2 protein chains.
Amino acid sequence: MTIELSERQEHILTIVKEEGPITGEQIADKLSLTRATLRPDLAILTMAGFLDARPRVGYYFTGKTGSQLLTEKIKQLKVKDHQSLPVVVKESSSVYDAICSMFLEDVGTLFVVDSHGKLVGILSRKDLLRASIGKQELESIPVSIIMTRAPNLTVCEKDDYIIEAASKLIEFQIDALPVVKSKDSAGFEVVGRLTKTNITKLLVEIANDEHE
Amino acid sequence: MTIELSERQEHILTIVKEEGPITGEQIADKLSLTRATLRPDLAILTMAGFLDARPRVGYYFTGKTGSQLLTEKIKQLKVKDHQSLPVVVKESSSVYDAICSMFLEDVGTLFVVDSHGKLVGILSRKDLLRASIGKQELESIPVSIIMTRAPNLTVCEKDDYIIEAASKLIEFQIDALPVVKSKDSAGFEVVGRLTKTNITKLLVEIANDEHE
């Protein structure tokens with residue numbers, strides 16, 4: 001719910017920011033208005049989260065701007081509610097097989113697992129493209145040669161905030177993160193895939209007001 | 001700016017939704033409250049955009065929910081404020097050269113132009129990967145053979161809404177859109193590139209309250 005602040009409400013915010021805690025009476029005095037005239041404005045500013053009030057102390061500024069309050073909703077979204085299914089290949093697979101999996105499953109990133117299902121690497125379209133312009137036969141190169149290898153993997157967990165995961169996608173310039181959970185032994189099991197496509201869908205859903 | 005509605009405000013909304021247009025007096029009667037008691041609530045609901053009022057008619061429901069109002073800000077963002085620079089190759093370039101450009105410029109999508117700079121095709125990493133596992137020499141295949149070709153191109157313009165562009169990325173399952181403008185002659189000139197990375201950055205910026 002967005003609301004436009006009136007000039008008087010902006011003025012009240014400035015006063016409280018500079019001089020809070022301050023009582024309603026004192027604010028009214030500064031504006032040469034009655035306490036009753038100010039009441040709706042103070043109610044709005046308090047309900048909106050800009051101001052807070054303590055009995056016998058007065059109003060103080062919460063430190064939150066309008067946009068901060070507006071975006072808190074987005075900040076609470078979790079990875080688990082927006083992830084896709086992961087597509088995995090074995091570390092013994094050939095680069096050729098991996099490329100086929102990528103086309104067959106229509107994904108941009110494959111996760112590589114060992115014989116126990118533990119995550120050992122990640123393959124991007126870029127990794128496969130780089131390998132494919134080399135001179136070797138793609139059937140004879142195992143993916144373990146060209147993959148990005150544990151422990152140099154950027155991962156997320158299902159209860160991570162989506163904004164945290166999106167920031168990793170940007171910071172590490174990657175298209176997808178494996179969503180992992182710790183296995184009994186050391187290492188991670190892959191339980192999902194979070195991509196820039198998931199994030200793009202999310203923004204469209206937010207704008208169309210379809211998300212929970 | 002987000003605000004929590006009180007139970008009384010929710011009640012007022014329900015009444016106006018069902019019976020509006022309705023005067024403040026009538027709402028007060030229904031709630032067995034005085035008009036004065038209701039004034040701050042009606043002010044809040046009106047300023048927040050839930051209700052509107054016409055003189056001598058009364059209050060009516062605007063049809064906007066809280067989340068709709070909250071997301072109107074996102075809906076107003078334009079492509080031009082979030083696009084990247086385009087990377088183009090000539091239609092006579094070889095697939096090998098295109099792959100090199102893709103790595104050199106570190107982009108996932110190339111735009112193909114004719115000798116007049118007119119957009120004639122688009123190359124994705126997937127297109128190049130598909131070509132590279134074929135049996136032909138990559139140096140000898142021109143990109144015009146493997147590119148997605150005009151008029152089957154999905155494009156956007158700099159004044160398009162970002163949500164409209166993001167929806168195209170999802171609907172057509174592509175990683176990037178060329179941002180185009182019409183040339184004097186028929187056809188488009190490429191002036192930018194809008195990618196899922198741009199959209200992911202935008203969501204992070206919105207959450208961190210860094211966007212305009």
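Go over the candidates B:Ser144, B:Ser132 one by one and state the one that is open to solvent by less than 30 Å² (accessible area, probe 1.4 Å), polar (S, T, N, Q), in contact with a Ser or Thr (Cβ under 6 Å, 6 or more places away or on another chain) and in the same structural domain as B:Val190 (by TED's automatic domain parsing).
B:Ser132
I'm checking my understanding of the structure. Among residues of the range A:92-119 that are of a type in the set (Ser, Thr, Tyr) and within 14 Å of chain B (Cβ to nearest Cβ), which one is most open to solvent (accessible area, probe 1.4 Å)?
The selected residue is A:Tyr96.
Name the residues in the range A:173-203 that are outside any helix (DSSP H, G or I), open to solvent by 70 Å² or more (accessible area, probe 1.4 Å) and at the interface with chain B (Cβ under 9 Å from one of its Cβ atoms), would you?
The one that is outside any helix (DSSP H, G or I), open to solvent by 70 Å² or more (accessible area, probe 1.4 Å) and at the interface with chain B (Cβ under 9 Å from one of its Cβ atoms): A:Gln173.
Of all residues in the range A:70-91 being modelled with pLDDT of 95 or more and part of a loop (DSSP other than H, G, I, E, B), which is nearest to the other protein chains (Cβ to nearest Cβ)?
Once the filter is applied, the top-ranked residue is A:His82.
Being surrounded by 12 or more Cβ atoms within 10 Å (Cβ to Cβ) and away from every other protein chain (no Cβ under 14 Å) is the filter here, so list the residues in the range B:27-41 that pass it.
Listed by number, the residues that qualify are B:Ile27, B:Ala28, B:Asp29, B:Lys30, B:Leu31, B:Leu33.
Only one of these is assigned to a helix (DSSP H, G or I) and closer than 30 Å to B:Val95 by Cα: A:Ala98, A:Ala165. Name it.
After applying the criteria, what remains is A:Ala98.
Which residue out of A:Ile122, A:Ile170, A:Ile206 is more than 14 Å from chain B (Cβ to nearest Cβ) and either crowded, with 21+ Cβ neighbours inside 10 Å or within 30 Å of B:Ser167 (Cα to Cα) (or both)?
A:Ile122
The values are calculated or read from the model by the stated rules, or taken from the named source; none is laboratory data. This is a predicted model, so every value here is computed, not measured. Using ideal geometry, Cβ is built from the backbone for each residue, glycine included, and neighbour counts are taken over all protein chains shown. Each accessible area value is taken on the protein alone, full model and side chains, heavy atoms only, with ligands, DNA and RNA left out. Shrake-Rupley method; radii C 1.70, N 1.55, O 1.52, S 1.80 Å.
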